Amino acid sequence: MELLRVENLNFAYSDGKQALENISFSLEEGEMLCVCGPTGSGKSTLLRLLKRELSPRGTKNGVIYLNGRKQDSLSEFEAATEVGFVMQRPDMQIVTDKVWHELAFGLENIGVKQDEIRRRVCEIAGYFGMESWFDRSTDSLSGGQKQLLNLASVMVMQPSLLILDEPVSQLDPIAASDLLATVKKLCREFGITVIAAEQRLEELIPASDKLLALKDGRIVTFGETRECVKALMSDEHFAVSMPASAKLYRKLMGVAFERKEALSSHKRSGSESGNPEIPLSVGEGRRFLKNMISEIKSHDSGLPEDKEGPGTSLKSLARNQMWVNLASKEEKSGTENVEGNDALKKGRPEKEKNDFALEFREVYLKYERAGRDILQALSFKVRKGEIFCMLGGNGAGKSTAVSAAAGLVKPYTGKIKVFGKNIGDYRGQELYRECVALLPQDVQTVFLTDDINGRHPYDLSGGEQQLAALDIVLATKPRLLLLDEPTKGLDAVLTAELVNRLRALAQEGVTIVIVSHDVEFAADVADRCALLFNGEVVSVSDSRDFFAGNYFYTTALSRITRGIVK
Amino acid sequence: MKPLEKYNPAVIFLYFLLLASLAMFAANPVMIAISVLTMNAAAVAYSREGLARSYVFYAIIFVLTSLANPVFSHNGVTVLLVVNDNPITLEAVLYGVMTGFMILSVLLLFRVFSTLMTSDRLLYIFGRAFPKLGLLLAMTLRFVPLFGRQRRKIENTQRTLGLYKDENAIDTIKGKLSVLSAMTTWGLENGIVTADSMSARGYGIKRSRTSFSMFRFERSDLGLLLIVIASCTFIFFGIATDKLKTDFYPRMQLPPFSPYATVCYILYTGLAIFPLVAKVAETLRWKWISGKAYDDKIKR
C-alpha cells in the first residue's frame, strides 16, 4: 500500500531562496528510503516538510499525501502521531529529566490515560532493551543511549512514518550502527516506513530499499537503491560518499571493461557473463571480489602476456590501497604513494626521533577519587611534525587523553611532556600561547562571537561549523594541534577537505594529534596510529601496518579485501 | 512492612508533614524527647555521607535557639542571675532548651525526608496538583545540569583559546561575561531543537494533557495513610483540648501523664519510630534471606 506520495513539491524560504524544486516520489508501506546529497542540497528541508509541525516557513507548492490523505487535512492529533521525527543532536531533543518520563512525554501530550501510558512505556522500554536504565536520569546516559531514547520516545506514539534527519551524525560508529540496526528492525518487524538522511552512507545504503539523491533542491535520481548507486557512481560529487564496495566495483569494473574488450578482440570469443551486480555491503563486496579474481584467473591462464592486466591492478590495489580510502587516492596512483611514503620515512633524520612534541609516560587519571581509572599507565610519544591518530571505542579514554595533553585535566601520577617540558612547568596561560591548541568534540564551545564571515555560526551546517571552529583554533598559531573527533558531522567532501588541510599543516611542521572513531579518516590522514583500550595504548604502528593488522578496527575496504588479495 | 521509600511519595510526604507539625504544635517535652531520639536514629540509619558535618551545623542552631529565649524572655519565677538589670530565669532557659530540641528534631526529620524525597518523587506530588508546573520542573531538572556541563566545556575550550590570558581580575570577569553570552546564544539556538522535539511529539495540541508517573497507590499505601491519619487526629485532638499542655511560666510543670496523654505518647512513638523500624527490618530481612540462601548453598 502506498504510504507517502509527494507530488510536484516546490518550496522557497521566506527570504526568497528556492530550496526544493519539482520533488515527486512515492513510498510503499514498510520501505526504507535513504535520502542523500551534499550539504545544502535541501535534504533537511524536504524531511521537515513531511512533518507538518516542523515545516519551515516559506512558500510551498505541491501536495503531500500521507496514507492517501492530504497532509493539510490531517487533524493535530493525527499529524503528531502518524509521523515520527528524530533529529541530529541527541542531547537537545530530550525534554525531561528521567528516562521513563521522556518516554511518556508524547503520550501525555496527546492525553493518553495513566494505565495506557504505563503499558505502552513499559512495552517500548522492554522492546528497546532499556530496562536497566529505565529509572536513570537522562543526563547520565551515553550519546548512543540518548539517541535510542529519542527514537523510542517517538516510536511510543506508534507512527506509521518515521523520519530520521542525520540521526547518527553525532554518534560513534558502534552506537551508530546499533541505532541503524534498530531502525531496520522496526522497519522489518512492524512494517514502519522509514526515511533517513545521513552524511555517512556506508551502512545506511545497504540497509535501505530505495534511494533519493538530491542536489541543489532537485532530484538527481530516485528508485531502487542498487540502480541508483550505480547511476550515482558516475557523478563525482556523489561517488565519494558511496560505500567502499561500490567504489571498489567501479574501480575494478573500469579495468575489467577494457580488459574484456581486449580479450574479445584477441580471442574472438569469451564467456558473456554480463556485468555482475554492484555490491553495496562489505559482504557483497567480498563475494564480488572473489568472483572477479576467479574470472580473471581463468581468463589469464589463456593469455601469454600479462603485464598491465587487472591481475596486476588487483595486486597493486592490495599492496597499496587496501589500507587507504579509495576516494582521496583517486588522483594519485597507488605506487607513487608508497614510494612517497618510504621516501618520507627514509628522509626523516635519525636525531629527530628523539625530539618529541608530546610524550605521555605512565599517566594515570581518574575523575573521582573512588572512581575507576580512565587512563592507566598510558604511555606514547608523538614526533614533531607527524600526524598521530588514536583510535578506540567508547570509554577507552581518548577524549580524556587529549584533555590531559591540553592541560585541562591533571593526572594523579605520571608525566606529560609537551615539547620536552613538563606540562606542569608551563606557567599560567603559557601553554596556550602559540604552543598547544585543542579542537574539542563539541565545536559549538569554540564560538564566542556571533559572526563568522558574515554568518552566525549556528546557521552553518554541522560540517561547516567544524571547519569554522578549526579556523578559530588555528588562529592561535599552535605548534601542537589536538583534535577530538574532528570528522563528526562532516560529509565525504568536507572530510577530504579536512584531510588536505591537516596534511598541509603537517607540511608546515605542525604536530597533529587526533583522537577519532573514524577509521576511514584516520587511514587517510595519519602517519601513525595507536589503539586505545581501557585507558592504555595496546598497539601503535605506522598507519598501513596498523590497519592491515587489525580485524575489526579497520577500513571497510580492508575488510573487503582481507584474505582475498595479499 | 516494605521499605519507606517504596511507599507512594504522596503518603510519605503527608507522613513527614504531619510528624513535623505534631512536634512543633504539641510543645510537649515528652514528645520532643521522643522525636529527637527517633529522628536521630533515623538520620544515622538513612544518611549516606556528610552526617558528621551536618551535626556541627545542627549543634550551632541548637545552641543559638536555646540561648535566644532566656536572653529575650524574662518570664518565670526562678531567677538564676541578673545581667544588665535583666533577670535570666530557669524557666526561660528550660523553654529555650526545649525549643532548641524541637528545631533539632525537625532538622533531623527534614534530613531523613530529603534522602527519601528524590526529585522525581517531589515532581510527582507537585505535578499532580499543578501539571504545568510539574512539566516545567522536570524540564528545569533536565536543563540545569546540561547547562552547567556546557558552561564548563566552554570555559575549558576558551581557556585553551586564550581567554583569561592576562591573568588578572578584570580579564577574568571579562572572560566570564563572554562565556555567559556564549551560553545564552547556545541555549537559545539549541532551545529551538528542544522546542521542535516537543511539538513533533504533539506538545501544545488542543487536547487535555495527562500527567504520567511511575508511582502507584497500593494497599499498603492506603494502610499507612489510614494509620497516620488516625493517630495524628487522635494526638491533634489532645493538643487542641490542652490534654498535652505543659506550662513553663510562671513555674515549669511536669508534662501530663493522664491516660489520654499516655496513649498519645505511645502513638507518637509508634509514628516517629516507623522510618527506623522499616530500615532495620529491611536490613535484617535482607541479612536473613541472603544468609539463608548462603546456608542453602552450603547444604547443597
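The values are calculated or read from the model by the stated rules, or taken from the named source; none is laboratory data. Just so it is clear, the structure is predicted and the values come from calculations on it, not from any experiment. Please note: Cβ atoms are built from the backbone with ideal geometry, for glycine as well, and neighbour counts cover all protein chains shown. All accessible areas refer to the heavy atoms of the entire protein, side chains included, with ligands and DNA or RNA removed. Shrake-Rupley method; radii C 1.70, N 1.55, O 1.52, S 1.80 Å.
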Report, ordered by the first and then the second residue, all pairs with beta carbons closer than 6 Å, sequence separation of six or more or different chains, a first member in region B:183-205 that is on the phi < 0 side of the Ramachandran plot and facing chain A (nearest Cβ under 7 Å), and a second member that is among the β-branched types (Val, Ile, Thr) and surrounded by 15 or more Cβ atoms within 10 Å (Cβ to Cβ).
B:MET198/A:VAL95
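Please enumerate the residues belonging to region B:164-177 that are open to solvent by less than 30 Å² (accessible area, probe 1.4 Å) and facing chain A (nearest Cβ under 8 Å).
Kept after step one, since they are open to solvent by less than 30 Å² (accessible area, probe 1.4 Å), are these residues of region B:164-177: B:164, B:171, B:175.
Answer for region B:164-177, where residues must be open to solvent by less than 30 Å² (accessible area, probe 1.4 Å) and facing chain A (nearest Cβ under 8 Å): just B:TYR164.
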One residue is enough: does region B:153-161 have a residue meeting the conditions free of Cβ contacts under 8 Å to residues at least 12 places away in the same chain, of a type in the set (A, V, I, L, M) and more than 14 Å from every other protein chain (Cβ to nearest Cβ)?
no
Close pairs (7 angstrom Cβ cut-off, 6 or more residues apart or separate chains): at the interface with chain B (Cβ under 7 Å from one of its Cβ atoms) in region A:428-447, open to solvent by 30 Å² or more (accessible area, probe 1.4 Å) and of a type in the set (Asp, Glu) anywhere
A:GLY428/B:GLU167; A:GLN429/B:GLU167
So which strands (runs of 3 or more DSSP E) stay within region A:498-557 end to end and still have 1 or more residues that are surrounded by 20 or more Cβ atoms within 10 Å (Cβ to Cβ) and among the small types (Gly, Ala, Ser)?
A:511-516, A:528-533
Of the numbered conditions (1) over 28 Å from B:GLY191 (Cα atoms); (2) open to solvent by less than 20 Å² (accessible area, probe 1.4 Å), B:ALA138 satisfies every one except a single condition; which is it?
(1)
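From A:ASP172, A:ASP165, grab the single residue that is touching a His at 6+ places or on another chain (Cβ under 7 Å), under 28 Å from A:ASP491 (Cα atoms), crowded, with 18+ Cβ neighbours inside 10 Å and more than 8 Å from every other protein chain (Cβ to nearest Cβ).
Values: A:ASP165 fails: touching a His at 6+ places or on another chain (Cβ under 7 Å).
So the residue among A:ASP172, A:ASP165 that is touching a His at 6+ places or on another chain (Cβ under 7 Å), under 28 Å from A:ASP491 (Cα atoms), crowded, with 18+ Cβ neighbours inside 10 Å and more than 8 Å from every other protein chain (Cβ to nearest Cβ) is A:ASP172.
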Just for region A:123-137: of the residues that are assigned to a helix (DSSP H, G or I) and of a type in the set (A, V, I, L, M, F, W, C), which one is nearest to the other protein chains (Cβ to nearest Cβ)?
A:ALA125
Go through A:SER75, A:SER26 for me and flag whichever is surrounded by fewer than 20 Cβ atoms within 10 Å (Cβ to Cβ), within 14 Å of chain B (Cβ to nearest Cβ), of a type in the set (S, T, N, Q) and without any contact (Cβ under 8 Å) to a residue 40 or more places away in the chain.
A:SER75
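Could you tell me whether B:GLY187 is at pLDDT 85 or above and not in a loop (DSSP other than H, G, I, E, B)?
Values: at pLDDT 85 or above: yes; not in a loop (DSSP other than H, G, I, E, B): yes.
Against the criterion (at pLDDT 85 or above and not in a loop (DSSP other than H, G, I, E, B)), B:GLY187 qualifies.
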What number of residues within region A:448-497 satisfy the criterion of being within 14 Å of chain B (Cβ to nearest Cβ), polar (S, T, N, Q) and assigned to a loop (DSSP other than H, G, I, E, B)?
3
Of all strands (runs of 3 or more DSSP E) completely enclosed by region A:138-251, which ones contain at least 1 residues that are in contact with a helix residue (DSSP H, G or I) (Cβ under 8 Å, 6 or more places away or on another chain) and of a type in the set (Ser, Thr, Tyr)?
A:193-197, A:218-224
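For (1) in a loop (DSSP other than H, G, I, E, B); (2) under 24 Å from B:ARG159 (Cα atoms), each residue gets a yes or a no:
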{"residue": "A:ALA370", "(1), (2)": "yes, no"}
{"residue": "A:ALA377", "(1), (2)": "no, no"}
{"residue": "A:ALA401", "(1), (2)": "no, yes"}
{"residue": "A:LEU408", "(1), (2)": "yes, yes"}
{"residue": "A:GLY414", "(1), (2)": "no, yes"}
{"residue": "A:GLY424", "(1), (2)": "no, yes"}
{"residue": "A:GLY428", "(1), (2)": "yes, yes"}
One residue is enough: does region A:148-167 have a residue meeting the conditions within 15 Å of A:GLN441 (Cβ to Cβ) and out of contact with any Phe, Trp or Tyr (no Cβ under 8 Å at 6 or more places or on another chain)?
no
A:VAL86, sole failed condition from (1) open to solvent by less than 10 Å² (accessible area, probe 1.4 Å); (2) facing chain B (nearest Cβ under 7 Å):
(2)
Quick check, is B:ALA45 assigned to a helix (DSSP H, G or I), closer than 24 Å to B:ILE229 by Cβ, touching a residue at least 24 places away in the same chain (Cβ under 8 Å) and open to solvent by 20 Å² or more (accessible area, probe 1.4 Å)?
no
Take B:MET31 and tell me if it is buried (at least 20 other Cβ atoms within 10 Å of the Cβ) and within 22 Å of B:LYS243 (Cβ to Cβ).
yes
Sort out which residues of region A:369-402 are within 13 Å of chain B (Cβ to nearest Cβ), open to solvent by 30 Å² or more (accessible area, probe 1.4 Å) and either of a type in the set (Asp, Glu) or under 22 Å from A:ASP527 (Cα atoms) (or both), and write them in order of number.
A:SER399
Residue check, A:GLY111 open to solvent by 10 Å² or more (accessible area, probe 1.4 Å), more than 7 Å from chain B (Cβ to nearest Cβ) and either in contact with a His (Cβ under 6 Å, 6 or more places away or on another chain) or farther than 22 Å from A:SER142 by Cβ (or both)
no
